[in-house]
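Report on the structure given below.
Just so you know, all these numbers are worked out from the coordinates, no wet-lab data involved. What you see is a predicted model; the values in this text were computed from it and never measured. Cβ placement follows ideal geometry from the backbone for every residue including glycine, while neighbour counts extend to all protein chains displayed.
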Amino acid sequence: MSHAATQTPELLAFSKDIRSLELSPLWERTVSQKPGTPCEPHIWRWADVEPLLLKACDLIDKKDAERRVLMLENPALRGQSFVAQTLFTGLQIILPGEVAAAHRHTPNALRFVMKGEGAYTSVAGERAMMHPGDFIVTPNWSWHDHGNIGKEPVVWMDGLDSAFTRFFGATFREDYPSETQPLYLAEGSSAAAYGSALLPVDFKPADGASPILRYPYERTREALEHLVRNQPLHASHGAKLRYANPANGKYPFPTMAAFMQLLPKGFAGRPWRSTENTVFNVAEGRGVATILGKTFDFGPHDIFVAPSWCDYAFVAQEDCVIFSYTDRPAQEATGFLREEQL
């Protein structure tokens, strides 16, 4: 904590006088010099949330809601729409036959598909079918729309860096003139061009979002199983891989990183903490997460948050596969990131 100056009648009078000029003395302010945020660890259980998503479908039409999304708000940030101070998380549901109209905005967005088949997303002229466990990239200011041509509801998690655009006053949004955008790329074009450790000969690397639209779950799962068989497990993270922008080897977004980890049955991890804010989404398995001394039993599709500098550790009661995303790239770029194993 900073040292507070001894107050004298003259100092108090001085402080009062300068406030009329919108000035304030730093020596009167007690400033925290400790890491962390006011945000709290919390879990949103699928058993509680899924019935509410289905009820929302009965209560509000998709056209009235535009996107039928339930936002996950941190208990310490009620009314601010954020799961942590730098991240937005929402659960979106789309019913058979529905279309979520095309628009674009300055925040980057990711999708992690949780349940259901038959939905698609279209981004910048390319359509991709969405399957459970898929990681989807929606770069900022890209036209995007969603639809469900299947026979069951589809749910995915939205993750956005809208806290950054709000902080900088740089939040812009625009609707497309029609409900859907024209498709001028064949499905799978981005994966064909960039997803095989090859790049088009005239490609110019940039620091933007990944050019790949969809990272299929089956490939990620296979890579994790190979890692478990052939490499020692990390003492805290088990087998953990980060999603990469194939054009530059960096993260999928300039502000957000995404990961998938596999914790074999019986794994008991050592505590870990980092200044990055982390949202976890359980793809498979059951276990226990202990975050800042709070214990959370988790199962498939449960979502929980470990805010900045909150130590966390996992115990896997079954083989567990867990997706996560964080603000790590932004913290690395600014030199703020700190992390340690406890």
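Points worth noting:
- Once the C-beta distance of Leu342 and Leu241 is scaled by a Förster radius of 22 Å, the resulting FRET efficiency is 0.45 to the nearest 0.05.
- Estimated FRET transfer efficiency (Thr334, Lys151; beta-carbon r; R0 51 Å; 0.05): 0.65
- For region 176-256, the relative contact order works out to 34 percent when only alpha carbon pairs closer than 8 Å and six or more residues apart are counted.
- Within a Gaussian network of the chain (alpha carbon springs, distance under 10 Å), most fluctuating of Lys265, Lys55, Lys34: Lys34
- Using C-alpha pairs under 8 Å with a sequence gap of at least 6, the mean separation divided by the residue count of region 42-341 gives a relative contact order of 16 percent.
- In terms of other Cβ atoms within 10 Å, Leu227, Leu59 run from fewest to most in the order Leu59, Leu227.
- Estimated from the Cβ-Cβ distance and a Förster radius of 56 angstrom, the FRET efficiency linking Arg67 and Gln7 is about 0.60.
- Inter-label distance for Glu222 and Leu26, nm, one decimal - labels placed 7 Å from Cα along Cα-to-Cβ: 5.7
- Relative contact order [Cα under 8 Å, 6+ residues apart], region 87-148, whole percent: 44
- Region 129-180 shape via C-alpha gyration tensor axes, a/c threshold 1.5: oblate
- Where (i) 1.10; (ii) 0.98; (iii) 1.03 are the candidate values, the label of the one calculated here for Cα Rg over 2.2 N^0.38 Å is (i).
- Choice from Arg286, Arg104, Arg219 showing the highest fluctuation, given a GNM over the chain with Cα pairs closer than 10 Å: Arg219
- Counted charge near Ala247, where neighbours are those whose Cβ lies closer than 12 Å (Asp, Glu -1; Lys, Arg +1): +1
- Between Ser189 and Glu174, the modelled label-to-label distance comes to 1.9 nm, taking each label 7 Å out from Cα in the direction of the beta carbon.
- Within the listed set Ile149, Ile212, Ile93, the Gaussian network model of the chain (springs between alpha-carbon atoms below 10 Å) gives the highest mean-square fluctuation for Ile149.
- Three-way shape call for region 206-342 based on the alpha-carbon gyration tensor, with the a/c threshold at 1.5: oblate
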